[in-house]
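As structure tokens, the structure follows; a few thoughts come after it.
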Amino acid sequence: MASLVALVTPLAERLRTATRVTVLTGAGVSAASGVPTFRGANGLWKQHRPESLATAEAFARDPALVWEWYAWRRSTIAACRPNRAHEVIAAWGRRYADFTLITQNVDGLHEAAGTRHVVRMHGSLWELQCWNRCAVAPARWEDRRADFVELPPRCPHCHGLVRPGVVWFGESLDPEVLRQCDAALDCDLFLTIGTSSVVYPAASLAPEAKRRGAYTVEINPDTTPASATLDLAIQAPAEAALDAVDRSARIS
Ligand code: OAD
């Protein structure tokens, strides 16, 4: 696949000299693992309206319906394994002392591939929060059950409802997460991989990194609002492009 090698060569060269590397990922990075994306022909938002499943109002109205959807996503994703894209990103995390991975994904596949200290903009599918924010429950806790006996599940402390530990539409992002994102924009190389670049504030990160002087690269088989504005757009699936970059780095 000569064309893919040619496409990734400028990125491979930057990776050789960069010392501060930041990667932002979206749903497309997990597509090859079998995790459905949100937008596009078979995207989740083609079959479901975000406002009926991914808002606090929807949960208040019908927690059982919202939980059925999240329980389905948990059981789907529990069967998925990291792909080559997750693996190459995890290897970069070991190679660069100054490396940050920011993800919009809630699936946990970056962590499963071995990336540590993932900055999760939209929370985690594998964490729960007490809906009532009861005084006894921690702010969030891990719960990796894929099958719940009781839906909606209950808070182990106050026995009220629990909600998924994800950020819903209309909710604010964790200020500490935003601070970590901002700090990671001061880098040599910023990659935005597998995201449609339409959801903010994630979509603002690559342009801001470029403004601060980073070389910016997009990897996505489709064009997005970011494609024409960044330094390099590699139009290819993440798992193929990152595999090609990794091989290129090893033979040079
Ligand atoms: P989207 O579903 O909006 O976009 C996925 C992107 O991945 C698209 O641009 C596809 O072209 C691309 N893609 C598909 N297959 C790919 C592959 N193999 N390699 C690389 N790219 C591929 O997902 P996000 O941009 O992550 O928010 O969506 C952002 C947010 O919108 C999500 O975090 C979620 C959603 O509503 C919340 O739930 C808060």
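The values are calculated or read from the model by the stated rules, or taken from the named source; none is laboratory data. Quick caveat: nothing in here was measured; it's all calculated off a predicted structure. As a convention, Cβ positions derive from the backbone with ideal geometry for all residues, glycine included, and neighbour counts pool all protein chains shown.
Quick check on E111: is it within 26 Å of V198 (Cβ to Cβ) and more than 17 Å from the chain's Cα centre (by Cα)? It would help to see each step written out before you state the result.
Details: within 26 Å of V198 (Cβ to Cβ): yes; more than 17 Å from the chain's Cα centre (by Cα): no.
No, not satisfied.
Filter the range 94-120 for residues that are in contact (Cβ under 8 Å) with a residue 24 or more places away in the chain and either outside any loop (DSSP other than H, G, I, E, B) or outside the structural domain of L189 (by TED's automatic domain parsing) (or both) and give the result.
Those that are in contact (Cβ under 8 Å) with a residue 24 or more places away in the chain and either outside any loop (DSSP other than H, G, I, E, B) or outside the structural domain of L189 (by TED's automatic domain parsing) (or both): D98, F99, T100, L101, I102, T103, L109, H110, A112, V119, R120.
Is it fair to say A32 is touching a residue at least 60 places away in the same chain (Cβ under 8 Å), surrounded by fewer than 18 Cβ atoms within 10 Å (Cβ to Cβ) and small (G, A, S)? Show your work before the answer.
Working: touching a residue at least 60 places away in the same chain (Cβ under 8 Å): yes; surrounded by fewer than 18 Cβ atoms within 10 Å (Cβ to Cβ): no; small (G, A, S): yes.
Criteria not met by A32.
Counting just the residues of the range 39-52 that are crowded, with 16+ Cβ neighbours inside 10 Å and outside any helix (DSSP H, G or I), which one comes out modelled with the highest pLDDT? Talk me through it step by step, then tell me what you get.
Step one: of the range 39-52, the residues crowded, with 16+ Cβ neighbours inside 10 Å are 39-40, 44.
Add one more test, that the residue is outside any helix (DSSP H, G or I), and what stays is 39-40.
On the way: R39: 90, G40: 83.
Once the filter is applied, the top-ranked residue is R39.
Pairs please, first residue from the range 199-226 and within 12 Å of the ligand (Cβ to nearest atom), second anywhere and in a helix (DSSP H, G or I) and aliphatic (A, V, I, L, M), Cβ atoms under 6 Å, 6+ apart in sequence or on different chains.
I219/A238; I219/A241; A226/A206
Being surrounded by fewer than 19 Cβ atoms within 10 Å (Cβ to Cβ) and under 29 Å from P207 (Cα atoms) is true for just one of V88, V23, V5. Which residue is that?
Sole residue among the options that is surrounded by fewer than 19 Cβ atoms within 10 Å (Cβ to Cβ) and under 29 Å from P207 (Cα atoms): V5.
Can you find even one residue in the range 53-71 that is part of a strand (DSSP E or B) and more than 13 Å from the ligand (Cβ to nearest atom)? Walk me through how you get there before you give the answer.
So the first thing to find is which residues in the range 53-71 are part of a strand (DSSP E or B), and the list is none.
Checked the range 53-71: no residue is part of a strand (DSSP E or B) and more than 13 Å from the ligand (Cβ to nearest atom).
Among P63, P138, which is within 12 Å of P164 (Cα to Cα) and either buried (at least 22 other Cβ atoms within 10 Å of the Cβ) or more than 19 Å from the chain's Cα centre (by Cα) (or both)?
On the way: P138 fails: within 12 Å of P164 (Cα to Cα).
Criteria check complete, one pass: P63.
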